[in-house]
Amino acid sequence: YNALNPFVIVNGAYDVSKGNPYLNPSFTNSYRLGFSTSIGLSVALSHSMVKDVITDLREVDDLTKVSTSYKANMNQNYNTGISMSYYKQFFKLWDLSIRGGSSLNRYQVDYQNGKVGVKQLTAYASIDNHFKLRKDWWIDVSYYGQSKATYGYQINLPYYFISSTIGKGLWKNKATLSLAVNDIFFT
């Protein structure tokens, strides 16, 4: 409802948001082909076409300096990608999960009486390690990284982080007590 509501909502002195009553629904056609092996490796190829992509827009009024955010439709988005994952357990003490992939996003937008195309190749990788320390103690160490990514009009810069969790099973592992630290190196 908020995406369609045309009334202005004041979030701060120079920040407002409003809905767009002319917003159209998005329609997606997707295709995916994948396979898994007996050694824990999975690979998938995918392709999707989205018509009337819904995205966030922001405009700033030069006189008042008020920033207005709202939803709008873009013409089309094409996404072609590959993803891979691998899982392996070592000695019943260490579970390793590796995932990664890459995709090419192509957006087409009407802008100032013409069509503008935006392309972005994006890649990501994650590694999750789960170590069983004793019968009811465990520790997780995780990594996630992503290259520059474009989502409609928004561009996310590359980033990565490493996180860790230590935990203990309670009451015959019917409950868990854990302590997590996210982005250990403040990246």
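The values are calculated or read from the model by the stated rules, or taken from the named source; none is laboratory data. Quick caveat, the model's predicted, so the values are computed rather than measured. Virtual Cβ from ideal backbone geometry, glycine too; neighbours counted across all protein chains shown. For accessibility, only protein heavy atoms count, side chains too; no ligands or nucleic acids. Shrake-Rupley method; radii C 1.70, N 1.55, O 1.52, S 1.80 Å.
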FRET efficiency, LYS135 to LYS88 (Cβ-Cβ, R0 30 Å, nearest 0.05): 0.85
Whole-Hz Karplus ³J(HN,Hα) for segment 28-33, in order, using 6.51 cos²θ - 1.76 cosθ + 1.60 and θ = phi - 60°, x for Gly and Pro? 10, 10, 10, 9, 8, 10
So what J values fall out for segment 65-80 if you push phi through Karplus, 6.51 cos²θ - 1.76 cosθ + 1.60 with θ = phi - 60°, rounded to Hz, Gly and Pro as x? 6, 7, 9, 10, 10, 7, 9, 8, 8, 9, 4, 8, 9, 10, 10, 10
By DSSP, what percent of the beta bridges with both residues in the chain are antiparallel, rounded to the nearest 5? 95
Per-residue ³J(HN,Hα) for segment 114-128, Karplus 6.51 cos²θ - 1.76 cosθ + 1.60, θ = phi - 60°, Hz, x for Gly and Pro: x, 9, 10, x, 10, 10, 8, 8, 10, 9, 9, 8, 9, 10, 10
Give the distance, in whole Å, between the Cα centre of segment 4-20 and the Cα centre of segment 73-119. 31
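Report, in debye and to the nearest 20, how large the dipole of segment 96-187 comes out about its Cα centre when Lys and Arg carry +1 and Asp and Glu carry -1 on their Cβ.
Working: 11 positive and 5 negative charges, 66 e Å.
It works out to roughly 320 debye.
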Give me, ordered by chain and number, the residues 5 or more places off GLY19 or on other chains with an amide H under 5 Å from its own placed amide H. ASN5, PHE7
Would you count, across segment 61-187, every pair of lysines whose alpha carbons are under 30 angstrom apart, provided the pair is eight or more residues apart or spans two chains? 24
Spin-label point model (7 Å from Cα, Cβ direction): what's the VAL118 to SER163 distance in nm? 2.7
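Round to a whole number: what % of the accessible area of the chain belongs to carbon and sulfur, probe 1.4 Å?
Details: 8050 of 13280 Å².
C and S atoms contribute 61 percent here.
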Inter-label distance for THR28 and ASP62, nm, one decimal - labels placed 7 Å from Cα along Cα-to-Cβ: 3.8
When you take every Cα atom in segment 23-135, what is the radius of gyration, and what is Dmax, the widest Cα pair distance, in Å? 20.9, 66
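Taking each pair of different alpha-carbon atoms in segment 45-86 once, compute 1/r for the pair, average those values, and report the inverse of that mean as the Kirkwood hydrodynamic radius in Å to one decimal.
Details: mean 1/r = 0.0763 Å⁻¹.
About 13.1 Å for segment 45-86.
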